Amino acid sequence: MSVLVYIESENGKFKKASYEAASYAKGVADQLGTTVTAISINANDNASLGNYGVSKVLNVANDKLAKFNAEAYADAIAQAAKNEDAKVVVIGQTANDKYIAPILAVDLEAGYASNVVELPSSTAPFQVKRTAFTNKAFNVTNISTDVKVIGVSKNAYGLVENNTEASIEDFAPTLADGDFTVNVESVDKAKDKVTIADAEIVVSGGRGLKGPENWGMIEDLAETLGAATACSKPVSDMGWRPHSEHVGQTGKPVASNLYIAVGISGAIQHLAGINASKTKVVINNDPEAPFFKAADYGIVGDAFEVLPKLTEKLKEFKANNA
Amino acid sequence: MKILVCISHVPDTTSKINFTDGDTKFDTNGVQFVINPNDEFGLTRAMWFKEKQGASVDVVNVGGAETEPTLRKALAIGADNAIRVNTEAKDGFQVAKELAKVAKDGNYDLVIAGRESIDYNGGMVPGMMAKILGANFVNTCVSLEVDGDKATAIREIDGGKETLTASLPLVIGGQKGLVEESDLKIPNMRGIMMARKKPLNVVEPSNAEAFTSSEKFEKPAPKGDVKLVSEDNLDELINLLHNEAKVI
Ligand SMILES: Cc1cc2nc3c(=O)[nH]c(=O)nc-3n(C[C@H](O)[C@H](O)[C@H](O)COP(=O)(O)OP(=O)(O)OC[C@H]3O[C@@H](n4cnc5c(N)ncnc54)[C@H](O)[C@@H]3O)c2cc1C
């Protein structure tokens with residue numbers, strides 16, 4: 001009857017979002033008066049899950065799962081859920097999690113709520129709050145099935161430490177050939193670059209930067225802060241920056257701690273996608289730009305003057321606070 | 001190749017989001033509805049398959065009669081037939097089950113849906129539909145080629161891309177990248193005229209069960225005013241970010 005949480009790993013390592021999912025699962029388990037069982041696939045650091053309230057880890061070590069495969073991963077998680085008789089299955093909301101979760105929900109005949117931001121407000125009926133209308137509203141959703149799948153948003157519930165001794169058991173799901181009919185041929189992933197999904201800080205540039213040749217300023221600031229770089233939609237449409245950097249309603253969502261918008265006007269579609277960020281800073285030479293209404297801190301000024309100065313000051317600050 | 005494109009009928013991205021009936025219903029007053037942007041990229045890619053590979057393209061929506069103008073727009077863009085499953089869309093699971101039935105009955109080789117609709121952002125219909133159908137599935141799909149019964153797709157992952165191969169039947173959750181923004185078509189007069197004559201078949205639902213229901217909506221708490229910092233006093237900004245917001 002435990003709460004099951006799927007813990008994503010990359011190259012054997014867990015990410016912050018994985019520990020957030022574990023923390024959330026512990027919160028739900030406390031409400032239900034039960035414990036948390038985690039399932040991880042080819043991960044190294046299973047014991048660390050105890051720091052976030054996990055009592056038992058089902059450790060799947062299987063070379064067939066070395067490459068991500070949504071169908072096979074969902075199958076493994078579903079089997080773990082059935083073994084554990086889990087009524088609540090918690091998963092994060094990374095690109096892979098969002099790929100797995102709907103398949104898993106069908107496997108378990110479970111109602112699925114995605115983008116959940118808080119612990120259930122009630123467990124009978126089972127009610128969770130999720131974002132809707134691309135962060136312009138919340139929806140309180142009832143899940144009526146016996147088994148429930150909850151996708152918990154990044155940077156919403158956050159990390160909650162909870163020292164628990166985690167026992168680790170090997171778990172060998174039965175995988176069918178039918179699980180492997182979509183094949184990964186190649187993966188193209190920039191190394192040593194902070195991704196928008198993982199970043200604590202995102203520095204984003206808009207059309208106000210005038211051209212791709214001026215992105216050095218954005219990259220310098222991002223590098224100083226250990227941040228990911230992003231851009232507004234027209235910037236990617238014009239080919240100044242790759243599509244993968246386009247954030248907003250029709251691009252990637254951003255839920256970072258700090259979002260710095262430079263030369264971005266703050267159109268409703270842009271704001272919708274980045275609004276889940278905790279603190280927003282805008283740098284824009286037009287005091288009437290709508291972004292000032294959405295931001296926490298603002299500088300009215302020319303990006304070409306402000307950015308180099310700001311980067312210099314931040315370098316000093318970093319050096320003094322290292 | 002028979003293609004089915006799933007069309008979600010959603011408020012235009014500039015819509016004011018308000019609720020009525022004690023915050024239980026979305027207020028459609030003054031709201032313009034459009035083809036969900038993620039689905040429009042998929043529909044446009046389907047038109048490419050139609051032109052270059054002789055594919056047939058049908059579009060489908062699960063919803064009431066009010067969604068028909070959105071289906072007509074898809075016909076005006078160039079789809080051959082439209083299907084409306086005549087029932088209110090209650091949750092992702094119910095919609096996925098209704099769509100899977102249409103896909104199965106029509107023997108489609110390729111089902112193109114959007115990675116998420118911009119109203120409820122469930123992000124679950126394509127994956128559930130694929131699993132119900134026993135079809136292959138690629139989510140967050142940004143490129144799709146089909147050769148015979150083999151598909152090659154590129155999927156966006158966190159921080160990069162992954163190239164995948166799978167045989168048909170295939171379901172994708174699509175988004176921008178399937179085609180470029182500049183490839184999107186605004187229906188011309190001829191398309192609109194022709195769309196009026198194209199079949200829009202209303203089919204009765206299988207009465208699939210929903211597993212979740214909406215209790216109510218809430219709006220985010222109003223935000224405080226922005227704190228403006230002079231560009232000559234950047235130390236103050238750093239101080240605020242460090243000591244007040246605690247983000248650096
Ligand atoms: C269906 C649909 C979906 C959309 N989805 C998205 C989305 O997902 N993401 C997105 O970003 N947009 C989206 N858009 C587009 C959106 O409406 C805006 O057009 C876009 O966000 C504007 O980009 P921008 O802020 O970079 O450019 P602009 O609106 O042109 O703003 C540029 C800003 O830079 C400022 N500026 C100029 N020079 C300087 C300078 N020297 N120093 C400082 N500031 C300067 C200007 O004052 C201005 O505010 C969508 C639109 C539609 C219709």
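The values are calculated or read from the model by the stated rules, or taken from the named source; none is laboratory data. All values reported here derive from a predicted model rather than from experimental measurement. All Cβ positions, even for glycine, are placed from backbone atoms using ideal geometry, and neighbour counts span all protein chains on display.
Numbers for the structure displayed
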item	result
Considering residues of segment A:231-274 that are polar (S, T, N, Q) and not in a loop (DSSP other than H, G, I, E, B) only, the residue farthest from the ligand (Cβ to nearest atom)	A:Ser244
Which numbered condition A:Thr181 misses (of (1) within 14 Å of the ligand (Cβ to nearest atom); (2) in contact with a strand residue (DSSP E or B) (Cβ under 6 Å, 6 or more places away or on another chain); (3) of a type outside the set (Gly, Ala, Ser))	(1)
Of residues in segment B:182-200 being within 14 Å of chain A (Cβ to nearest Cβ) and touching a residue at least 12 places away in the same chain (Cβ under 8 Å), the one farthest from A:Ser122 (Cα to Cα)	B:Asp183
Residues of segment A:275-286 classified as surrounded by fewer than 23 Cβ atoms within 10 Å (Cβ to Cβ) and near the ligand (Cβ under 9 Å from one of its atoms), total	2
Which listed residue, of A:Ala322, A:Ala222, is away from the ligand (no atom under 12 Å from the Cβ), at pLDDT below 95 and either among the hydroxyl-bearing types (Ser, Thr, Tyr) or not in a strand (DSSP E or B) (or both)	A:Ala322
Test result for A:Thr141, within 22 Å of A:Gly273 (Cβ to Cβ), more than 18 Å from the chain's Cα centre (by Cα) and either facing chain B (nearest Cβ under 9 Å) or of a type outside the set (Ser, Thr, Tyr) (or both)	yes
Considering residues of segment A:287-301 that are touching a residue at least 24 places away in the same chain (Cβ under 8 Å) and more than 24 Å from the chain's Cα centre (by Cα) only, the residue nearest to the ligand (Cβ to nearest atom)	A:Ala289
Among the candidates B:Thr152, B:Thr140, B:Thr163, residue that is at the interface with chain A (Cβ under 7 Å from one of its Cβ atoms), closer than 27 Å to A:Ile196 by Cα and surrounded by fewer than 24 Cβ atoms within 10 Å (Cβ to Cβ)	B:Thr163
So A:Val281, is it among the aliphatic types (A, V, I, L, M), under 15 Å from A:Gly205 (Cβ atoms) and within 9 Å of chain B (Cβ to nearest Cβ)	yes
Criterion (surrounded by fewer than 20 Cβ atoms within 10 Å (Cβ to Cβ), touching a residue at least 40 places away in the same chain (Cβ under 8 Å) and either more than 10 Å from every other protein chain (Cβ to nearest Cβ) or of a type outside the set (Val, Ile, Thr) (or both)) met by exactly one of B:Val203, B:Val179, B:Val171	B:Val203
From B:Val5, B:Val95, residue being more than 16 Å from the ligand (Cβ to nearest atom) and not in a helix (DSSP H, G or I)	B:Val5
Scope segment B:222-248; condition polar (S, T, N, Q) and surrounded by 13 or more Cβ atoms within 10 Å (Cβ to Cβ); matching residues	B:Asn239
Any hit, segment A:146-154, residues being modelled with pLDDT of 95 or more and surrounded by fewer than 16 Cβ atoms within 10 Å (Cβ to Cβ)	yes
Some residue of segment B:51-64 being of a type outside the set (Val, Ile, Thr), within 12 Å of chain A (Cβ to nearest Cβ) and closer than 29 Å to B:Val146 by Cα	no
Listing of strands (runs of 3 or more DSSP E) fully contained in segment B:134-183 that carry 1 or more residues being touching a Cys at 6+ places or on another chain (Cβ under 6 Å)	B:150-157, B:170-174
Restricting segment B:18-50 to residues that are assigned to a loop (DSSP other than H, G, I, E, B) and within 15 Å of the ligand (Cβ to nearest atom), the residue that is farthest from the other protein chains (Cβ to nearest Cβ)	B:Gln32
